[in-house]
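To start, the structure itself, in C-alpha cells.
The values are calculated or read from the model by the stated rules, or taken from the named source; none is laboratory data. Remember, it's a predicted structure, so these values are computed and weren't measured experimentally. Positions of Cβ are backbone-derived with ideal geometry, glycine not excepted, and every protein chain shown enters the neighbour counts. The protein model used for the area step is the full one, side chains on, heavy atoms only, and it has no ligands, DNA or RNA in it. Shrake-Rupley method; radii C 1.70, N 1.55, O 1.52, S 1.80 Å.
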Amino acid sequence: MRRTLLWPAGALRSLPRLARDERGVILVVAAFALTALMGFAGLAVDVAYWQSIQRKMQSVADEAAYSAAMDMTNRAATIAKAVAAGTGFVDGQSGVTVTVNNPPATGSYHSNNLAWEVIVSQAQPMWFASLFMATSPTVKGRSVALGNAVGAANACILALNTSAANAIQVDNNATLPSTTCGVAANSSSASAISVGENASIGGPMNAVGQWVVGNNASLTGSPRDKNSTAIADPYSSLALPNTMPSCTAQLPSTSNPTPAYFCSGWNFSNNEAVTLAAGTYYIRGGITVGNNATIDGSAGVTIVITDSSVITFNNNDVVTLTAPSVASGQPYPGIAIMDLDTSNVTHTFSNNTTMTRGALYFPHHKMNFTNNADITNTGCTQIIADTVELAENVNVNSNCGTVGITPMSFGGKPKVEE
C-alpha cells in the first residue's frame with residue numbers, strides 16, 4: 001500500500017519566509033568577525049612587545065659599542081658582551097646573539113679599525129601572532145661606535161712593540177716640531193718613549209707605559225698621556241697576495257720601471273733619477289739607493305718588500321712617494337712602503353734623505369732615521385714600526401689631515417656613529 005506524506009497547510013505556507021530569514025547568517029558572520037578582531041588585537045599586542053624589545057636592544061647595542069670603542073684593546077669584544085649581559089641580553093642564552101665586529105662588517109666604517117660594531121638579536125615569542133605567522137621574527141639592534149672620535153689627537157709615529165724600553169727614541173737634536181704630529185708607543189715600559197740630548201717633540205704623546213726626558217730635551221705638545229691605552233694598528237689586516245706575480249726581467253737601474261715583481265732587488269746608482277709609474281711594486285732582495293739619487297713615485301705608488309731584506313737610502317736622496325688613494329683600486333691604499341716579514345731587521349733612512357706622503361709600515365722591524373733625514377710637511381708621512389729611532393737633526397713635520405691614510409687617534413672620546 002502506498003503512503004503519502006501530508007504537510008499541514010500552514011507549514012507549507014511558511015517555507016518562503018524561512019528561506020528569506022538571515023538572522024542565523026548574521027550570527028555566524030558576527031562570530032567570525034569577532035574572532036578576527038581578537039586575533040588582530042592579539043597581533044597588535046605582540047608587535048608592540050617586539051617594538052619595545054627592539055628599542056631596548058638598540059639602546060643596549062649603543063652602550064656596548066661605545067664601551068668597546070672606549071677600550072679599543074683585545075678585551076673590547078668581551079667588554080661589549082658583558083655590557084649586553086648586564087642588561088639581560090646574554091650571548092648564547094634564551095635565543096640571544098651578541099655579535100661584535102672590529103672593523104664593522106657593514107656600513108660606512110666597514111674598513112676602519114677604530115670602529116666597533118655591536119649587533120644584538122633575539123627570536124621573539126608569538127602569543128597571538130602564530131595565528132598569522134609560521135615562524136617567530138628575530139628582533140635586532142645594531143650600533144657602530146668610533147673610537148677617539150671627539151677631541152682626539154693624531155699620531156704620525158707609532159711603535160707597536162708592547163714591552164721594549166726606548167720603543168721610540170728621539171735623540172741628538174732630532175726635532176718633531178709639528179703640533180699635529182703625535183708620537184705614540186704601545187710599550188708598557190717605564191721608558192717606552194725616550195727623549196734626550198736637545199731633542200724636542202712639539203706634538204701630543206701617548207704611551208702605554210711612561211717616558212723619560214733628559215739632557216735639555218723638551219716636550220711642548222698636548223695632550224701627553226702616560227699609562228694610557230694602546231693604539232690599534234691601522235693596517236693589521238694587510239697581507240701579501242696568495243700568489244705572487246712572476247719575476248720581471250726589468251732592470252730598474254737602467255729604465256723607469258713599471259709595476260711588477262722584482263725578485264733581485266733594486267739598486268740605484270749615485271745621482272740616478274728614476275720615475276715610477278703608478279701601481280704596486282713587489283721587491284725581493286732589498287733596496288739600495290746611492291748618493292744624490294732621486295726617486296719620483298708621486299703618481300701613486302706602493303713599494304712592498306716581500307722578504308727580510310733591508311732598505312738603505314744614502315746621502316741627499318730625495319724619495320717622493322705618494323701612496324695610492326682608495327679610489328685608485330690598488331691593493332694597499334695609503335701605504336707608501338711596507339714589509340710584513342717577521343725577521344729582526346733595521347731599515348735606515350739617513351744623510352739628508354727626504355720622503356713624503358704615505359705610510360711607512362714595518363710592523364715587525366726597526367726604523368732608524370738619522371743624519372738630517374727629513375720627513376717634510378708637504379704631504380703626510382706615517383711611521384709605523386716595531387720600534388723607531390730618530391737622531392742627529394732628523395726633522396719630522398708631517399701634516400696628515402688630507403692625504404687619506406688611516407688616522408691613528410688617541411686621547412679622545414668615542415662617539416656612536418651608526
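Here are a few things to note about the model shown:
- Unmet requirement for Glu417, which otherwise passes all of (1) modelled with pLDDT of 85 or more; (2) open to solvent by 20 Å² or more (accessible area, probe 1.4 Å); (3) farther than 27 Å from Asp71 by Cβ: (3)
- Filter result (under 17 Å from Pro407 (Cβ atoms) and buried (at least 18 other Cβ atoms within 10 Å of the Cβ)) within region 218-227: Gly221
- Annotation: of all residues in region 52-71 being hydrophobic (A, V, I, L, M, F, W, C) and either outside any helix (DSSP H, G or I) or touching a Ser or Thr at 6+ places or on another chain (Cβ under 8 Å) (or both), the one that is surrounded by the most Cβ atoms within 10 Å (Cβ to Cβ) is Ala65.
One line per residue, one yes/no per condition, for (1) under 29 Å from Thr243 (Cβ atoms); (2) open to solvent by 20 Å² or more (accessible area, probe 1.4 Å); (3) out of contact with any strand residue (DSSP E or B) (no Cβ under 7 Å at 6 or more places or on another chain):
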{"site": "Ser264", "(1), (2), (3)": "yes, yes, yes"}
{"site": "Phe268", "(1), (2), (3)": "yes, no, no"}
{"site": "Asn271", "(1), (2), (3)": "no, yes, yes"}
{"site": "Val274", "(1), (2), (3)": "yes, no, no"}
{"site": "Thr280", "(1), (2), (3)": "yes, no, no"}
{"site": "Asp296", "(1), (2), (3)": "no, yes, no"}
{"site": "Ile305", "(1), (2), (3)": "yes, no, no"}
{"site": "Asn314", "(1), (2), (3)": "no, yes, no"}
{"site": "Asp317", "(1), (2), (3)": "no, no, no"}
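- Matching entry among Ser187, Ser264 (being farther than 30 Å from Thr280 by Cβ and in a loop (DSSP other than H, G, I, E, B)): Ser187
- Residue in region 365-388 that is of a type in the set (Ser, Thr, Tyr), touching a strand residue (DSSP E or B) at 6+ places or on another chain (Cβ under 6 Å), at pLDDT 90 or above and open to solvent by 10 Å² or more (accessible area, probe 1.4 Å) present: yes
- Qualifying residue in region 210-217 (condition: at pLDDT below 95, closer than 25 Å to Thr312 by Cβ and either open to solvent by 40 Å² or more (accessible area, probe 1.4 Å) or of a type in the set (A, V, I, L, M, F, W, C) (or both)): no
- Checked against (1) touching a Ser or Thr at 6+ places or on another chain (Cβ under 7 Å); (2) closer than 24 Å to Ser246 by Cα; (3) surrounded by 17 or more Cβ atoms within 10 Å (Cβ to Cβ), Ser309 meets all criteria but (1).
- Selection status of Ala152, within 18 Å of Asn113 (Cα to Cα) and in contact with a Gly (Cβ under 6 Å, 6 or more places away or on another chain): yes
- Members of region 242-252 found to be loosely packed, with under 13 Cβ neighbours inside 10 Å and either over 33 Å from the mean Cα position of the chain (by Cα) or within 21 Å of Phe313 (Cβ to Cβ) (or both), listed by number: Ala249, Leu251
- Here region 175-184 is the region considered, the condition is being buried (at least 24 other Cβ atoms within 10 Å of the Cβ) and out of contact with any Phe, Trp or Tyr (no Cβ under 8 Å at 6 or more places or on another chain), and the residue that is modelled with the highest pLDDT is Val183.
- Residue match in region 228-240 (condition: part of a loop (DSSP other than H, G, I, E, B), touching a residue at least 40 places away in the same chain (Cβ under 8 Å), open to solvent by less than 50 Å² (accessible area, probe 1.4 Å) and over 30 Å from Ala105 (Cα atoms)): no
- Gly285 passes every criterion in (1) surrounded by fewer than 18 Cβ atoms within 10 Å (Cβ to Cβ); (2) at pLDDT below 90 apart from (2).
- Of the residues making up region 185-209, those that are more than 15 Å from Ala174 (Cβ to Cβ) and open to solvent by less than 50 Å² (accessible area, probe 1.4 Å) are Ala185, Asn186, Ser187, Ser189, Ser191, Ala192, Pro204, Asn206, Ala207, Val208, Gly209.
- For region 267-309, filtering for residues that are of a type in the set (Asp, Glu), outside any strand (DSSP E or B) and out of contact with any Asp or Glu (no Cβ under 9 Å at 6 or more places or on another chain) leaves 1.
- Residue pairs meeting the criteria (Cβ under 9 Å; at least 6 apart or on separate chains; first open to solvent by 50 Å² or more (accessible area, probe 1.4 Å), in region 320-337; second outside any helix (DSSP H, G or I) and polar (S, T, N, Q)): Val326/Ser111; Gln330/Thr280; Gln330/Thr302; Pro331/Thr280; Pro331/Thr302
- Sub-6 Å Cβ pairs linking a first residue in region 72-83 that is farther than 20 Å from Asp233 by Cβ and of a type in the set (Val, Ile, Thr) to a second residue that is assigned to a helix (DSSP H, G or I) and open to solvent by 60 Å² or more (accessible area, probe 1.4 Å), at least 6 apart or interchain, are Val83/Glu63, ordered by first then second residue.
- Members of region 165-203 found to be of a type outside the set (Gly, Ala, Ser) and farther than 27 Å from Gly151 by Cβ, listed by number: Asn166, Gln169, Asp171, Asn172, Asn173, Glu197, Asn198
- Where strands (runs of 3 or more DSSP E) sit wholly within region 116-170, none has at least 2 residues that are open to solvent by less than 70 Å² (accessible area, probe 1.4 Å), within 19 Å of Gln210 (Cα to Cα) and modelled with pLDDT under 80.
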